[in-house]
Amino acid sequence: TGGQRVIAIERGPELFAELQAKATGLPLQAVCADAHSFSLTGVRAGLCIVAMQTIQLLGNVTERAAFLRTAREHLRTGALMACAIVEDLEPFDGHSGDLLEAETANIDGVLYRSRATRLAVEHDEILIERQRTIESHERFSEEHDRVRLELLSTAELHREAKAAGFDIEPSRAINATSEYTGSTVVMLRAR
């Protein structure tokens, strides 16, 4: 195939099963594990990508430190880690008419829709509320969920990463679009 081997870590059994199913025939190894304490025997990777603000989902400074140490153990010296974080957000409340465009996907005749309805900064967290629907000829379901992201600055992540065995590389910016919030990609090099 010529592609690089990829290891994807997912802790949720349902998403893990879906990841395994989609990985058939690809150079992808799906692992069901917790990011704070996974163990991959003999793995020393050259790149670790922590996309979509995942590091901000991992919890507080103690929990992020556990992830950073565990990830460092699985990276060879000189390997790169890229962590996307969101620092600057504009709060909004869709309940007052300020609605964003819904993200949609149509998979095998099933329409999945997710729309952020509220974004707020509360204490040390970013709160994102979403309305999600699944629609097909046979069914319709709707749920409302809340996601909490830990507020995290580039400077804080730099300090935490240095303590876990990383050197700092220049960060990269991903500009905001009409569909996505802008992000900072914090680049770390394993010592």
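The values are calculated or read from the model by the stated rules, or taken from the named source; none is laboratory data. Quantities reported herein were computed from a predicted structural model and do not represent experimental measurements. Every residue, glycine among them, receives a Cβ derived from its backbone with ideal geometry; neighbour counts consider all protein chains shown. Heads up: the accessible areas ignore ligands, DNA and RNA and are worked out on the full protein's heavy atoms, side chains in. Shrake-Rupley method; radii C 1.70, N 1.55, O 1.52, S 1.80 Å.
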Task: Given (1) touching a residue at least 60 places away in the same chain (Cβ under 8 Å); (2) touching an Asp or Glu at 6+ places or on another chain (Cβ under 7 Å); (3) at negative phi; (4) open to solvent by less than 30 Å² (accessible area, probe 1.4 Å), number of the condition Phe92 does not satisfy - done: (1)
TODO: Write out, first by first residue and then by second, each pair whose Cβ atoms fall under 7 Å of each other, whose residues are 6+ apart or on separate chains, and whose first residue, in segment 30-46, is at negative phi while the second is among the acidic types (Asp, Glu) and at pLDDT below 95.
DONE: Ala30/Glu10; Cys32/Glu10
Open item on the list: I'm checking my understanding of the structure. Among residues of segment 152-191 that are open to solvent by 90 Å² or more (accessible area, probe 1.4 Å), out of contact with any Gly (no Cβ under 7 Å at 6 or more places or on another chain) and charged (D, E, K, R), which one is farthest from Leu119 (Cα to Cα)?
Closed with: Lys162
Open item on the list: Which numbered condition in (1) within 23 Å of Gly182 (Cβ to Cβ); (2) polar (S, T, N, Q); (3) part of a loop (DSSP other than H, G, I, E, B) is the only one that Thr41 fails?
Closed with: (1)
Open item on the list: Name the single residue that is least open to solvent (accessible area, probe 1.4 Å) among those in segment 104-133 being out of contact with any His (no Cβ under 8 Å at 6 or more places or on another chain) and not in a strand (DSSP E or B).
Closed with: Asp124
- [ ] For Leu149, work out the one condition from (1) open to solvent by less than 30 Å² (accessible area, probe 1.4 Å); (2) over 30 Å from Leu80 (Cβ atoms); (3) not β-branched (Val, Ile, Thr) it doesn't fulfil.
- [x] (2)
